[in-house]
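Inspection log for the structure reproduced underneath, given as structure tokens.
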Amino acid sequence: MTPLLEVDGLKKHFPIRKGFFSRASGSVYAVDGVSFSIGRGETLGLVGESGCGKSTVGRTVLRLLEPTQGTIKVAGQDITQLDSQDLLPYRRRLQMIYQDPYASLNPRMTAGEIVGEPLLVHDLGAPEERKERVAALFERVGLRPEAVNAYPHEFSGGQRQRIGIARALSLKPELIVGDEPVSALDVSIQAQIINLLMDLQDEFKLSYLFVAHDLAVVEHISHRVAVMYLGRIVEMTDKRSLFEMPLHPYSEALLSAVPIPKSSARGRKRVILTGDVPSPINPPSGCHFHTRCPYAMPRCKTEVPALREVIPGHLASCHLHDGGVRSPLAAAS
Ligand SMILES: Nc1ncnc2c1ncn2[C@@H]1O[C@H](COP(=O)(O)OP(=O)(O)OP(=O)(O)O)[C@@H](O)[C@H]1O
Ligand SMILES: [Mg+2]
């Protein structure tokens, strides 16, 4: 079956301009050749440190940013070059929920107006029908009916995120990009919102691209996980394989930071990353991770490792596995 979303070789480079009138003097290689697909009803978790390009992937996939290179297909249709008119139906099918539901909700609109606005913009339904739809959405996301008349500042963080979710759902989308939708919330509230998103996924067969900077957050909700480092995906597989046998040293390091003790992780040594993420303006040669990798070999400085299927269904880009599978842990011992 055709996946709902197919992204191939996606690049997004931001030109750097010194002065207002000057020509570009370089680029931020925010997303530098990313490929993945998401099936209907599937969640792909996208994780990586701050600045690795996660939000840029999400925004480019929704065509909120123009891709520099690569293709984006929705249900087999290439939407990469569509003009704003032809893109309109896709704007309905693809929605976004944001990290900070406070900053993303208009403080001068009531919650009901916020949730109903997309219906108004797309001219869907008579006023009465819109009102009913908004009421149904409030109920579905667990907000009290009378909350339609309250303003964003009157809600808690978790409730505000429910408003954001109701708004995203209003146009009956097929894919929702969640850009760190629970990162700003307390842990107990995070679980409630994640459970709500999972229930909604079951009910509406939604696909999610779920962005987070730590693996613990994506573990519950994701079917598959893609790990990003400096604009590239370095590992991608189903959640279980990633947690049981990470193949990329960077994923191994991210997993070390997950506090939940995993039976499969018993005895695994902790890999603490030193140093900051290098700048995407001037990324390291070869494997971008070689400057921080505890297992770096001379060739890692010069040869870019391809993202390839190291074991069936498990993709990684690391020279450690060129002669067969070696878990980073085994390599160290
Ligand atoms: N509009 C822009 N113009 C120039 N550079 C940008 C722009 N947007 C993002 N960047 C740069 O692109 C890189 C990737 O940014 P992005 O926001 O996608 O990262 P992220 O993984 O979402 O990080 P975080 O976890 O902090 O949200 C960063 O170096 C960022 O500074
Ligand atoms: Mg981000």
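List of remarks:
- Those residues of region 85-98 which are open to solvent by less than 70 Å² (accessible area, probe 1.4 Å) and within 16 Å of ligand 1 (Cβ to nearest atom), in sequence order: 96, 97
- Looking across region 208-220, the residues that are surrounded by fewer than 22 Cβ atoms within 10 Å (Cβ to Cβ) and not in a loop (DSSP other than H, G, I, E, B) come down to 216, 219, 220.
- Failed item, numbered, when residue 276 is tested on (1) without any contact (Cβ under 8 Å) to a residue 12 or more places away in the chain; (2) surrounded by 18 or more Cβ atoms within 10 Å (Cβ to Cβ): (2)
- Boolean, residue 233 is farther than 30 Å from residue 274 by Cβ and among the aliphatic types (A, V, I, L, M): no
- Condition check for residue 242: closer than 26 Å to residue 296 by Cα, in a helix (DSSP H, G or I) and not charged (D, E, K, R): yes
- The set of residues in region 14-28 that are surrounded by 15 or more Cβ atoms within 10 Å (Cβ to Cβ) and more than 16 Å from ligand 2 (Cβ to nearest atom) contains only 27.
Results for (1) in contact with an Asp or Glu (Cβ under 8 Å, 6 or more places away or on another chain); (2) within 16 Å of ligand 1 (Cβ to nearest atom), shown as yes or no for each residue.
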| residue | (1), (2) |
| --- | --- |
| 53 | yes, yes |
| 61 | no, yes |
| 83 | no, no |
| 100 | no, yes |
| 103 | no, yes |
| 116 | no, no |
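- The one condition from (1) assigned to a helix (DSSP H, G or I); (2) open to solvent by less than 30 Å² (accessible area, probe 1.4 Å) that residue 162 does not meet is (2).
- Some residue of region 32-46 being touching a helix residue (DSSP H, G or I) at 6+ places or on another chain (Cβ under 7 Å), hydrophobic (A, V, I, L, M, F, W, C) and within 16 Å of ligand 2 (Cβ to nearest atom): yes
- Residue 49 meets the stated requirement of being under 17 Å from the mean Cα position of the chain (by Cα) and open to solvent by 10 Å² or more (accessible area, probe 1.4 Å).
- Looking across region 168-207, the residues that are assigned to a loop (DSSP other than H, G, I, E, B), more than 15 Å from residue 38 (Cβ to Cβ), away from ligand 2 (no atom under 16 Å from the Cβ) and open to solvent by 50 Å² or more (accessible area, probe 1.4 Å) come down to 172, 186.
- Sole residue being at negative phi, of a type in the set (Val, Ile, Thr) and not in a loop (DSSP other than H, G, I, E, B), chosen from 310, 271, 304: 310
- Residue within region 31-45 that is within 21 Å of the chain's Cα centre (by Cα), among the aromatic types (Phe, Trp, Tyr) and open to solvent by less than 30 Å² (accessible area, probe 1.4 Å) present: yes
- Comparison of 218, 148, 187 shows that the only residue that is modelled with pLDDT under 95, over 15 Å from the mean Cα position of the chain (by Cα) and of a type in the set (Val, Ile, Thr) is 187.
- Just one of the numbered conditions (1) without any contact (Cβ under 8 Å) to a residue 60 or more places away in the chain; (2) closer than 26 Å to residue 204 by Cα; (3) surrounded by 15 or more Cβ atoms within 10 Å (Cβ to Cβ) is not true of residue 122: (3).
- Within the set 26, 112, 58, the sole residue that is within 23 Å of residue 284 (Cα to Cα) and not in a loop (DSSP other than H, G, I, E, B) turns out to be 26.
- The requirement of being closer than 19 Å to residue 108 by Cβ, within 16 Å of ligand 2 (Cβ to nearest atom) and assigned to a helix (DSSP H, G or I) is fulfilled nowhere in region 140-158; no residue meets it.
The values are calculated or read from the model by the stated rules, or taken from the named source; none is laboratory data. In this text the structure is predicted, and so the values were computed from the model without any measurement. Virtual Cβ from ideal backbone geometry, glycine too; neighbours counted across all protein chains shown. For accessibility, only protein heavy atoms count, side chains too; no ligands or nucleic acids. Shrake-Rupley method; radii C 1.70, N 1.55, O 1.52, S 1.80 Å.
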